[in-house]
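Step one of this worksheet: look at the structure below.
The values are calculated or read from the model by the stated rules, or taken from the named source; none is laboratory data. Just so it is clear, the structure is predicted and the values come from calculations on it, not from any experiment. Cβ sites come from the backbone with ideal geometry, for glycine too, and all protein chains shown count toward neighbours. SASA here: full protein model, heavy atoms, side chains in, ligands and nucleic acids out. Shrake-Rupley method; radii C 1.70, N 1.55, O 1.52, S 1.80 Å.
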Amino acid sequence: MDLYGRDFLRILDFSEEELRYMLAMSKKFKEMKKAGQNHKYFPNKNIAILFEKTSTRTRCSFEVAAYDLGMGVTYLDPTGSQMGHKESIADTARVLSRLYQGIEYRGFGQDIVETLAENSSVPVWNGLTDECHPTQALADFMTMEEHFGHLKGLTLAFVGDARNNVANSLMAMSAKMGANFIACGPEELKPGEELVNECRAIAEENGATITITSDIHALDGKADVIYTDIWLSMGEDKEKWGERISQLQPYQVNMEMMNRAKPESIFLHCLPSFHDLNTAVGRDVNEKFGLMEMEVTNEVFESERSLVFDEAENRMHTIKAVMFLTLFNKEERNA
Ligand code: CP
Ligand code: NVA
């Protein structure tokens, strides 16, 4: 299998085998890192990471993964580059691909990362768009496989804003891996029909199901994993907080919700999370709407069933695998 030169824009762009290969390589890199084995293979490559939205995990994962592989990194944010305001995405891509061997982009529309990829002669990796968060889904499935020992036949329930970027990529990844997927959220926040149909066709081929529901009882005795994400994503209108809270409060992941799932079920969250009042946004929402915790209660977040920090660590191992497989040709990889 050779992923050399490929972009990483959506989970749906890859076959089950290719995604499994990425997971296997992530595991290998994690073992090497834990064993303190040097893998600075590529001192002659550099990457650019472009962020039009803020980030902790994704930025740090790309940087650490690049350093671990021996590469140089340039971080650009909207105030530090011409992209968008003085220079088009297409021109930016053409300039950066003369200087760098790979480009990461986090920002708004999926069309932007696609334009970047079309105009770039080096691999482009999607670090989150309004529609997709594919590197997140890889890390989540790595965490699930570590915990359960397999992926096929597991049931992942995404509860909350079930049409957001993270939910979309998890639905695609579930379909590809043969895991059942339940999107559980209010009618108004259901995933798009076109994407559901595409994922459903893939899931069926892999012996899995996709369920779209607003009924939390759909989780009863079924879910191996309960997953949620913040109720208002980056780039969305802050005025929407009130509406989102009233739509999503019935879908808060609390112990009662966890206990609907299988007794051995785990909790995952891409993070950042509003599970207490230790954030400025959390305190602001508390002041306006009186909530102490939002999409997940502190009790669940801090419980033994919560694997959110393993999941956060796995962002780095999976991103390293994606870069390694797309940036280096067979000879380089075997060297
Ligand atoms: N989960 C995730 O993408 O986190 P960051 O926004 O911190 O990168
Ligand atoms: N849905 C969230 C994910 C953050 C990692 C957002 O887009 O803000």
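When only Cα pairs below 8 angstrom with a gap of at least 6 residues are kept, the range 24-150 shows a relative contact order of 23 percent.
Ordering ASP284, ASP7 by accessible surface, largest first, gives ASP284, ASP7; the 1.4 Å probe counts only protein heavy atoms, with every chain in place.
Compared with the dominant Cα axis of the chain, that is its longest principal axis, helix 165-177 is turned about 80°. Of the GluC sites (Glu not before Pro) in the range 228-335, the ones in a loop by DSSP (not H, G, I, E or B) with at most 10 other beta carbons within 10 Å are GLU264, GLU304. The distance separating the Cα centre of the range 32-83 from that of the range 251-267 comes to 35 Å.
Accessible surface comparison of HIS147, HIS39, probe 1.4 Å, protein chains only, largest first: the order is HIS147, HIS39. ILE11 contributes an accessible area of around 0 Å² to the protein surface, as traced by a 1.4 Å probe with all chains present. Seen from ASP68, the other residues with C-beta closer than 9 Å to its C-beta sum to a net charge of +3, counting Lys and Arg as +1 and Asp and Glu as -1. Over the range 222-312, what is the relative contact order in whole percent, taking alpha-carbon pairs under 8 Å and six or more residues apart? Relative CO of the range 222-312 lands at 37 percent. Solvent-accessible surface of the chain, taken per residue with a 1.4 Å probe and all protein chains present: 42 Å².
Angle of helix 308-327 to the longest C-alpha principal axis of the chain, folded into 0 to 90 degrees and rounded to 10: 30°.
Rolling a 1.4 angstrom probe over the chain with all protein chains present gives an accessible area of which 48% lies on carbon and sulfur atoms.
According to the Cα-based calculation, Rg over Rh for the range 106-211 is 0.99, with Rh computed by the Kirkwood formula. For the range 223-313, the pair-distance distribution built from all alpha carbon pairs, in bins 5 Å wide starting at 0, is 3, 13, 26, 25, 18, 11, 4, 0 percent.
Positive contributions from Lys and Arg (+1) and negative ones from Asp and Glu (-1), summed over other residues with Cβ under 14 Å from the Cβ of LEU96, come out at -2.
From the largest down, the range 138-294 spans 48, 33, 27 angstrom on the principal axes of its Cα atoms. Treating the chain as a set of equal point scatterers at the Cα positions, no solvent, please give the Debye-formula log₁₀ I(q)/I(0) at q = 0.08, 0.09, 0.10 Å⁻¹. Treating every Cα as an identical point scatterer, log10 I(q)/I(0) equals -0.36, -0.46, -0.57.
Helix 89-99 and the longest principal axis of the Cα set of the chain meet at an angle near 50°.
When the C-alpha to C-alpha distance is required to be over 30 Å, the pairs from LYS190/LYS222; LYS190/LYS238; LYS45/LYS86; LYS288/LYS320; LYS27/LYS238; LYS176/LYS240 that qualify are LYS288/LYS320; LYS27/LYS238; LYS176/LYS240. Protein-only accessible surface at a 1.4 angstrom probe places the residues ARG200, ARG315 in the order ARG200, ARG315, largest first.
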